[in-house]
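So the structure is just underneath, and the comments pick up after that.
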Amino acid sequence: MTWRELRIEKMRGLLWGIIAVVSFALLGFLSSVYAERMETDQVERVTIYGNRILSTERLQSILKPYMLQRLEAINPDSVQAQFTRHPLVKTAKVSRIYPNELQVRIREVYPIAYLQGNTYFSIDADGRILPLPDYGMIYTLPIITGIENPDALETEKIVTDAYTLNMLQLLIRLRQQYPHIYQDISEMNYTDEQGLKLITSSNSTPVLLGIYNQINQSCATLDAFINQLGFGSVLPAYRYVDLRFANQVVVRERK
């Protein structure tokens, strides 16, 4: 081997040595970066938007199993499904916000009324029985009382009894056509003796609307009477208002 060849061979060995050192250094650097990424990629924060009925604590408890897991490993669809299992959650959207945050936006189911059975429930416009909000009866909604079979009320069931269905249809109609009357109902029930009776929220005034086939006309008469009084959108504090007689509004003043 000539001197030139020996020198080339020596340079080649030195070059391979440098490559090996650089490779090991690069591997160490990448390993440290990966290890750091593994730590910073863990879920450390959750942000929830849109909840008014459900407490933040309840929603955070759903996310608790995901804390300190790698963000990349979490399936948003799976988390969303856990939220929508709750009867008061209509939709949920879960997003991964890098480096370490889960963000949840929910739409809740808003009830149209409360039901008084052996305990209190809420009910939506589709007739589905719901639990009360976490914070209790936070909305000023009508309470449907006088339910014939309160033992049959069960969360997530659809009501089937004629009494509750008739009340529900009436409330839907009032909310659409006479929202100011709907918003002022504290309680409602139906008896064969008095027909439909509402109690107002503003002044606890009983309002007798009559039997079912009278109710449409009675509601129109009540609306016209409220407008004629000129006291805004609510009834004054009467002892009672009776609309069971055709084209008449019978009131009794409070002393």
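The values are calculated or read from the model by the stated rules, or taken from the named source; none is laboratory data. Small disclaimer: the values here were computed from a predicted structure and weren't measured. We place every Cβ from the backbone using ideal geometry, glycine too, and count neighbours over all the protein chains shown.
Within the stretch 161-172, is there a residue that is touching a helix residue (DSSP H, G or I) at 6+ places or on another chain (Cβ under 6 Å) and in contact (Cβ under 8 Å) with a residue 12 or more places away in the chain?
The answer is no; no qualifying residue exists.
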### When residues of the stretch 87-136 are limited to those that are under 14 Å from the mean Cα position of the chain (by Cα) and among the hydroxyl-bearing types (Ser, Thr, Tyr), the one surrounded by the most Cβ atoms within 10 Å (Cβ to Cβ)
Ser122
### Message
Please pick out the residue among Ser31, Ser78, Ser55 that is within 30 Å of Asp124 (Cα to Cα) and either surrounded by 13 or more Cβ atoms within 10 Å (Cβ to Cβ) or modelled with pLDDT under 90 (or both).
### Response
Ser55
### Task
State all residues of the stretch 184-221 that are within 17 Å of Arg254 (Cα to Cα) and among the β-branched types (Val, Ile, Thr); if no residue qualifies, say none.
Ile199, Thr200, Thr205, Val207
### Query
Which of the following residues is modelled with pLDDT of 90 or more and touching a helix residue (DSSP H, G or I) at 6+ places or on another chain (Cβ under 6 Å): Ile185, Ile181?
Ile181
## Note on the structure
Reported set for the stretch 190-208 where residues are closer than 17 Å to Leu115 by Cα and outside any strand (DSSP E or B) is Ser201
### Query
Across the stretch 78-108, what is the total count of residues that are outside any strand (DSSP E or B) and without any contact (Cβ under 8 Å) to a residue 24 or more places away in the chain?
6
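Quick check: anything in the stretch 139-157 outside any strand (DSSP E or B), crowded, with 19+ Cβ neighbours inside 10 Å, in contact (Cβ under 8 Å) with a residue 12 or more places away in the chain and within 15 Å of the chain's Cα centre (by Cα)?
The answer is no; no qualifying residue exists.
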### Task
Check whether at least one residue in the stretch 226-235 is of a type outside the set (A, V, I, L, M, F, W, C) and modelled with pLDDT of 90 or more, and report yes or no.
no
### Message
Being free of Cβ contacts under 8 Å to residues at least 40 places away in the same chain and surrounded by 18 or more Cβ atoms within 10 Å (Cβ to Cβ) is the requirement here; does Thr200 meet it?
### Response
yes
### Task
Please go through the stretch 226-255 and pick out each residue that is assigned to a helix (DSSP H, G or I) and surrounded by 15 or more Cβ atoms within 10 Å (Cβ to Cβ).
Ile226
### Summary
Checked Gly146, Gly117 against criteria (more than 30 Å from Tyr66 (Cα to Cα) and at pLDDT below 90); the one match is Gly117
